[in-house]
1. At 1.4 Å probe radius, can you tell me the per residue accessible area of the chain in Å²?
2. For the chain, give the magnitude of the charge dipole about the Cα centre (Cβ charges: +1 Lys/Arg, -1 Asp/Glu; no others), in debye to the nearest 20.
3. Residue 23 to residue 58: extension gain in nm, 0.36 nm per residue of separation minus the Cα-Cα distance?
4. Figure the gain on full extension for residue 118 and residue 73 (residue separation times 0.36 nm, minus the Cα-Cα span) and round it to one decimal in nm.
5. Roughly speaking, to the nearest percent, how much of the chain's 1.4 Å accessible area is carbon and sulfur?
6. Measuring from label point to label point, each 7 Å out along Cα→Cβ, what is the residue 42 to residue 136 span in nm?
7. Give me the percent relative contact order of region 1-123, please, defined on Cα pairs under 8 angstrom at least 6 residues apart.
8. Under a crude label model (7 Å from the Cα following the beta-carbon direction), how far is residue 88 from residue 126 in nanometres?
Amino acid sequence: MTGGNAGLIYGYDIYLRPRNVARALAHLAELAPPARAVPPLEITLPGGERLVLPFTSHFKSEPVDCSTSSTLELDTSLMLDVDDALREYAQTNGFELEADGRIQIGYIYATIRFESLLHPGYTSVECWAATSGMSRLFARSANIRKVFTDLTADSG
(Lines give C-alpha, C1' and ligand atoms only; values in the text may rest on other atoms or scores of the structure.)
Protein backbone atom coordinates (compact mmCIF):
# COMPACT_ATOMS: atom_id res chain seq x y z
CA MET A 1 0.00 0.00 0.00
CA THR A 2 1.46 3.37 -1.03
CA GLY A 3 0.44 6.75 0.26
CA GLY A 4 -3.00 5.61 1.40
CA ASN A 5 -4.25 5.28 -2.19
CA ALA A 6 -5.09 1.59 -2.08
CA GLY A 7 -8.28 0.46 -3.71
CA LEU A 8 -10.01 -2.28 -5.56
CA ILE A 9 -9.32 -2.24 -9.31
CA TYR A 10 -11.49 -4.31 -11.63
CA GLY A 11 -11.33 -4.05 -15.37
CA TYR A 12 -11.48 -5.73 -18.73
CA ASP A 13 -8.49 -6.42 -20.96
CA ILE A 14 -9.02 -6.85 -24.68
CA TYR A 15 -6.27 -8.26 -26.91
CA LEU A 16 -6.47 -7.55 -30.62
CA ARG A 17 -4.38 -7.25 -33.72
CA PRO A 18 -2.74 -3.82 -34.05
CA ARG A 19 -4.63 -3.19 -37.31
CA ASN A 20 -7.92 -3.34 -35.31
CA VAL A 21 -7.09 -0.64 -32.74
CA ALA A 22 -8.85 2.14 -34.66
CA ARG A 23 -11.98 -0.01 -34.97
CA ALA A 24 -11.96 -0.79 -31.23
CA LEU A 25 -11.57 2.89 -30.33
CA ALA A 26 -14.35 3.85 -32.75
CA HIS A 27 -16.68 1.30 -31.12
CA LEU A 28 -15.74 2.60 -27.68
CA ALA A 29 -16.46 6.16 -28.85
CA GLU A 30 -19.97 5.11 -29.92
CA LEU A 31 -20.71 4.54 -26.22
CA ALA A 32 -19.69 8.05 -25.17
CA PRO A 33 -22.32 10.47 -23.89
CA PRO A 34 -23.79 12.60 -26.69
CA ALA A 35 -22.93 15.94 -25.05
CA ARG A 36 -19.50 16.75 -23.65
CA ALA A 37 -18.11 19.87 -22.03
CA VAL A 38 -14.57 19.28 -23.37
CA PRO A 39 -13.26 19.37 -26.94
CA PRO A 40 -12.66 16.07 -28.75
CA LEU A 41 -9.25 14.41 -28.66
CA GLU A 42 -7.23 14.00 -31.85
CA ILE A 43 -5.05 10.90 -31.89
CA THR A 44 -2.45 9.71 -34.39
CA LEU A 45 -1.97 5.96 -34.05
CA PRO A 46 1.22 4.09 -34.86
CA GLY A 47 1.25 3.83 -38.65
CA GLY A 48 -0.27 7.30 -39.06
CA GLU A 49 -4.03 6.61 -38.86
CA ARG A 50 -5.86 9.55 -37.27
CA LEU A 51 -8.93 9.46 -35.05
CA VAL A 52 -11.01 12.06 -33.25
CA LEU A 53 -12.47 10.70 -30.01
CA PRO A 54 -14.93 12.10 -27.47
CA PHE A 55 -12.46 11.40 -24.63
CA THR A 56 -9.46 13.03 -23.00
CA SER A 57 -5.92 11.82 -22.35
CA HIS A 58 -4.61 12.67 -18.89
CA PHE A 59 -7.72 14.89 -18.67
CA LYS A 60 -6.52 17.06 -21.56
CA SER A 61 -7.76 17.42 -25.14
CA GLU A 62 -4.45 18.29 -26.77
CA PRO A 63 -3.59 16.12 -29.80
CA VAL A 64 -1.74 12.89 -28.99
CA ASP A 65 0.78 11.36 -31.38
CA CYS A 66 1.25 7.67 -30.60
CA SER A 67 3.64 7.02 -33.47
CA THR A 68 6.59 7.13 -31.07
CA SER A 69 4.98 5.88 -27.86
CA SER A 70 4.12 2.43 -26.65
CA THR A 71 0.95 3.42 -24.77
CA LEU A 72 -2.06 5.70 -24.95
CA GLU A 73 -3.98 6.69 -21.84
CA LEU A 74 -7.65 7.65 -22.26
CA ASP A 75 -10.14 9.03 -19.75
CA THR A 76 -13.56 7.88 -20.89
CA SER A 77 -17.13 8.13 -19.84
CA LEU A 78 -19.55 5.64 -21.33
CA MET A 79 -23.32 5.32 -21.59
CA LEU A 80 -24.46 1.90 -20.39
CA ASP A 81 -27.79 0.08 -20.60
CA VAL A 82 -29.23 -0.24 -17.11
CA ASP A 83 -29.41 -3.57 -15.34
CA ASP A 84 -30.16 -4.22 -11.64
CA ALA A 85 -26.56 -3.60 -10.54
CA LEU A 86 -26.36 -0.32 -12.50
CA ARG A 87 -29.76 0.81 -11.21
CA GLU A 88 -28.68 0.20 -7.60
CA TYR A 89 -25.38 2.01 -8.22
CA ALA A 90 -27.23 4.98 -9.74
CA GLN A 91 -29.62 5.26 -6.82
CA THR A 92 -26.85 4.95 -4.24
CA ASN A 93 -24.49 7.42 -5.93
CA GLY A 94 -26.93 10.02 -7.27
CA PHE A 95 -26.60 9.23 -10.99
CA GLU A 96 -29.68 9.79 -13.11
CA LEU A 97 -31.09 7.42 -15.66
CA GLU A 98 -31.41 8.87 -19.15
CA ALA A 99 -34.73 8.75 -21.01
CA ASP A 100 -33.33 5.99 -23.27
CA GLY A 101 -32.72 3.69 -20.26
CA ARG A 102 -28.98 4.22 -20.16
CA ILE A 103 -26.77 5.69 -17.49
CA GLN A 104 -23.46 7.53 -17.53
CA ILE A 105 -21.20 6.50 -14.67
CA GLY A 106 -17.98 8.25 -13.64
CA TYR A 107 -14.67 7.76 -15.38
CA ILE A 108 -13.51 4.58 -17.01
CA TYR A 109 -9.82 4.62 -17.83
CA ALA A 110 -8.45 2.90 -20.91
CA THR A 111 -4.79 2.11 -21.41
CA ILE A 112 -3.85 1.01 -24.90
CA ARG A 113 -0.54 -0.85 -25.04
CA PHE A 114 0.44 -1.04 -28.68
CA GLU A 115 2.69 -4.03 -27.96
CA SER A 116 1.18 -6.29 -25.31
CA LEU A 117 3.66 -7.72 -22.83
CA LEU A 118 1.52 -10.81 -22.32
CA HIS A 119 0.71 -11.44 -25.98
CA PRO A 120 3.50 -10.26 -28.33
CA GLY A 121 2.17 -9.19 -31.71
CA TYR A 122 -1.09 -8.01 -30.17
CA THR A 123 -2.31 -4.72 -28.78
CA SER A 124 -4.07 -4.63 -25.41
CA VAL A 125 -6.91 -2.30 -24.49
CA GLU A 126 -7.20 -2.29 -20.71
CA CYS A 127 -10.40 -0.68 -19.42
CA TRP A 128 -10.72 -0.23 -15.69
CA ALA A 129 -12.98 1.46 -13.20
CA ALA A 130 -11.84 4.71 -11.59
CA THR A 131 -13.04 3.94 -8.06
CA SER A 132 -13.43 0.94 -5.79
CA GLY A 133 -17.22 1.37 -5.92
CA MET A 134 -17.15 1.29 -9.71
CA SER A 135 -14.84 -1.73 -9.57
CA ARG A 136 -17.42 -3.61 -7.54
CA LEU A 137 -20.02 -2.52 -10.10
CA PHE A 138 -17.81 -3.80 -12.95
CA ALA A 139 -17.70 -7.19 -11.21
CA ARG A 140 -21.48 -7.35 -10.65
CA SER A 141 -23.04 -5.81 -13.76
CA ALA A 142 -24.00 -8.16 -16.57
CA ASN A 143 -24.45 -5.17 -18.90
CA ILE A 144 -20.94 -3.85 -18.28
CA ARG A 145 -19.59 -7.33 -18.97
CA LYS A 146 -21.69 -7.41 -22.18
CA VAL A 147 -20.32 -4.01 -23.31
CA PHE A 148 -16.74 -5.24 -23.10
CA THR A 149 -17.54 -8.68 -24.53
CA ASP A 150 -19.28 -7.01 -27.50
CA LEU A 151 -16.40 -4.56 -27.90
CA THR A 152 -13.99 -7.49 -28.10
CA ALA A 153 -16.10 -9.29 -30.72
CA ASP A 154 -16.73 -6.13 -32.76
CA SER A 155 -13.02 -5.27 -32.78
CA GLY A 156 -11.95 -8.55 -34.33
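1. 55
2. 240
3. Values: separation 35, 0.36 × 35 = 12.60 nm, distance 2.18 nm.
Taking residue 23 through residue 58 to full extension adds about 10.4 nm, to one decimal.
4. So the chain would gain 14.4 nm between residue 118 and residue 73.
5. Values: 4420 of 8590 Å².
Looking at the chain in its full context, I get 51 percent from C and S.
6. 4.3
7. Reported as a whole number, the value is 24 percent.
8. So the label points at residue 88 and residue 126 sit 2.8 nm apart.
The values are calculated or read from the model by the stated rules, or taken from the named source; none is laboratory data. The model shown is predicted, which means the values in this text are computed figures rather than measured ones. Backbone-built Cβ (ideal geometry, glycine too); neighbour counts: all protein chains shown. Note: accessible area is taken over every heavy atom of the protein model, side chains too, but ligands, DNA and RNA are not part of it. Shrake-Rupley method; radii C 1.70, N 1.55, O 1.52, S 1.80 Å.
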